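Read through the structure below, which is laid out as structure tokens, and then see the notes.
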């Protein structure tokens, strides 16, 4: 498995590099040998944020974790989140992951496997609504008026369905599907 590390606002010391490589190599029991893992570390105020991204045949696994002034804790938390994603979506990812992944594989990073973690999520509410063509500005206004964190609309110019969403940093994002 190939691990690529980048850092923003901080230096990657040999100790950090060795820790990341050692920890990410334990994920090889879930991933094929030719899988590439991207580890991005950044410093924001007193937060140390680690983001791990693993592209696997059209599926993108992504985990992010932050802690105050402790990069090693952020690394461990991000790997635990990534491992939870793999275990939760095992049946869907099984075709893309290594064939030897079995149910008796012991998790490396997850400390507490509670009953809530193993249960499959279910759709508890379904809603239908009329989608009408509108401009991006109208969609932003409509989303703010409704107080939602996302809004689905048909773009007036392209006649395509778009998803407008509120990002964690307070800005807006736009998802435009591509066939």
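Observations, loosely collected:
- Only a single criterion out of (1) assigned to a loop (DSSP other than H, G, I, E, B); (2) touching a helix residue (DSSP H, G or I) at 6+ places or on another chain (Cβ under 6 Å) is not satisfied by residue 11, namely (2).
- Residue in the stretch 24-39 that is free of Cβ contacts under 8 Å to residues at least 60 places away in the same chain and closer than 21 Å to residue 169 by Cα present: yes
- If only residues of the stretch 131-148 that are at pLDDT below 90 and in a loop (DSSP other than H, G, I, E, B) are counted, the one that is farthest from residue 178 (Cα to Cα) is 147.
- Taken over the stretch 13-46, the criterion of being surrounded by 13 or more Cβ atoms within 10 Å (Cβ to Cβ) and over 21 Å from the mean Cα position of the chain (by Cα) is satisfied by 16, 17, 19.
- Within the stretch 163-179, the set of residues being over 16 Å from the mean Cα position of the chain (by Cα) and in a loop (DSSP other than H, G, I, E, B) comprises 170, 171, 176, 177, 178, 179.
- Failed criterion for residue 54 (all others in (1) closer than 14 Å to residue 5 by Cβ; (2) more than 17 Å from the chain's Cα centre (by Cα) hold): (2)
The values are calculated or read from the model by the stated rules, or taken from the named source; none is laboratory data. Source: prediction; values computed, not measured. Virtual Cβ from ideal backbone geometry, glycine too; neighbours counted across all protein chains shown.
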